[in-house]
Amino acid sequence: MMEPLRFIENRTFDEIAVGDTASLTRTLQAQDISLFALASGDVNPAHLDKEFAATDRFHGVIAHGLWGGSLISAVLGTELPGPGTIYLGQSLRFLHPVRIGDAVTARVTVREKDGSRQRLLLDCVCLNGRGETVITGEAEVLAPTEKVRRPRALLPEVHLHERGVHWNHLIEAARKFSPALTAIVHPCDAASLEGALTARDAGLIVPVLVGPRAKIEAAAHVARLALDGIEIVDAPHSHAAAERAVELARAGQVAALMKGALHTDEVLAAVVSRTSGLRTERRMSHVYVLDVPSCPKPLFLTDAAVNIAPSLEEKRDIVQNAIDLARALGIAQPKVAILSAVETISTKLGSTLDAAALCKMAERGQITGGLVDGPLAFDNAVSRAAAAVKAIASPVAGDADVLVVPDLVSGNMLAKQLIHLAGADAAGILLGARVPIILTSRSDSAEVRMASCALAQLFAHRAGIPC
């Protein structure tokens, strides 16, 4: 139900008497400090860096005194006198720190009226929840002379996102285990070399560079990267590098593969070879792990990179691969949404029939380790409000961890929309082979490559692949 229209109304100079008072209470949240920093440009670490603020010099003063001052301004502009007030001057003293979680009450009291100039002098005070005075002072304003009653403005919805938070959690979790020996396939450009070395320096992998030695060393020289102590397995060209990396994995000499400066098809051709590849009984599939600014947790999206139009049996493996990865990342019972255009089953829409069958497979134990529901439209899968409007009673709807798309086209579109329009970062790996395979893009940053290495390391550890 839509909230009824609310109004904001002022008190004119003639309506105000000495001694009149008004107040406003608000609890300081971490988001408030970040928003204040964004608006003001004040990035003083005493306000934003908890470790720095906790030093003896600052005694944990991580909030900004001016935030409390802004509450006084809000009282003057919305309550007393209200709309039409013109701020002329203010004098404040900050007596105590304001910290996250403090409920601060700002109160103004009219002390003097100047009828000749329509001015007010008001005493100002801010109290915390313990009754301590944190701010005191006075303000001078020009009070309105005409009555104003206006609809109260609706503030925009703001989502603050600290880029890399989910990746940092993954990396810290992966660091608890020994770094995985990882074959970097044809790392003949700066991006793939830098990604491998960054992951090495983070303690995630031990890189084994597979490709033309001369090209690898030339790329490292141009990028000013040192390869001291790193094993290089010489291979004459990209196809040979892919085949040699697969040989190393088959022999148990590496626990993961990572794509370098070559086409994905070249890597996959060696991986899926029936005679010398890394096939298992499980269908191979790719899983994106997306850090979406408006989502409080990582989203797993599959398959948007490998399987073009998977069959029902192949979708079963795709779902199971994603569940296994989510569990390796610490999600005890991943919630899996099988996506379609609608949330009802229709014989005219094959993806809804597949979704229903996959749910029955999960019920019968053919898919294990997660909660599976579908068909669900995208909005019903990720939005509790959308699921509630449709009266969908499901532990998955509105809170999905894993999104399973009908085919590669829809998955690729969804992934790229989230990346390029929603500002998501996307790490990802290929699963279902003997070892996890990191299929990076040439445009991936070093941070995304490192996060993908963390995914592979955590999965390899859970799967018992010797590192």
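Figure legend: label point modelled 7 angstrom from the Cα of SER276 along Cα→Cβ; residues of the range 164-187 with amide N under 16 Å from it are 186. Measuring how big the chain is from its alpha-carbon positions, Rg and Dmax come out at 29.4, 97 Å. Using a basic spin-label model with each label point 7 Å from the Cα along Cα→Cβ, how many nm lie between ARG119 and ARG99? Between ARG119 and ARG99, the label points sit 4.0 nm apart.
Where nothing but the Cβ of Lys and Arg (+1) and of Asp and Glu (-1) is charged, how large is the charge dipole of the chain around its Cα centre, in debye to the nearest 20?
Values: 46 positive and 51 negative charges, 124 e Å.
For the chain, the charge dipole is close to 600 debye.
Taking 0.36 nm per intervening residue step and subtracting the Cα-Cα distance, what contour gain separates THR145 from ASP201 on full extension?
Numbers: separation 56, 0.36 × 56 = 20.16 nm, distance 6.70 nm.
Contour length minus Cα-Cα distance gives 13.5 nm.
Across the range 270-382, C-alpha contacts under 8 Å between residues 6 or more apart give a mean separation that, scaled by the residue count, equals a relative contact order of 21 percent. Looking at the range 330-400, the trypsin sites (Lys or Arg not before Pro) that sit in a DSSP loop and have at most 13 other Cβ atoms within 10 Å of their own Cβ are LYS348, ARG364. Every helix of 4 or more DSSP H residues in the chain counts as -39500 (n - 2.57), and over all residues that averages to -10500 deg cm²/dmol at 222 nm.
Full extension of the chain between ILE308 and VAL18 gives 96.9 nm of extra length, using 0.36 nm per residue less the Cα-Cα distance.
With an 8 Å cut-off on Cα pairs and a minimum separation of 6 or more residues, tell me the relative contact order of the chain in percent.
Working: 993 pairs, mean separation 65.1, N = 467.
With pairs under 8 Å counted, the relative contact order is 14 percent.
Can you sort ARG130, ARG200, ARG279 from fewest to most other Cβ atoms within 10 Å of each residue's own Cβ?
Numbers: ARG130 9, ARG200 19, ARG279 16.
By the 10 Å Cβ count, ascending: ARG130, ARG279, ARG200.
Ordering LEU358, LEU349 by the number of other Cβ atoms within 10 Å of each residue's own Cβ, fewest first, gives LEU349, LEU358.
Using only side-chain charges placed at the Cβ, +1 for Lys and Arg and -1 for Asp and Glu, the dipole size of the range 282-432 relative to its Cα centre rounds to 160 debye.
A short reminder: the numbers here are calculations on the coordinates, not readings from a lab. Please read all numbers here as calculations on a predicted model, not as lab measurements. All Cβ positions, glycine included, derive from the backbone under ideal geometry; neighbour counts span all protein chains shown.
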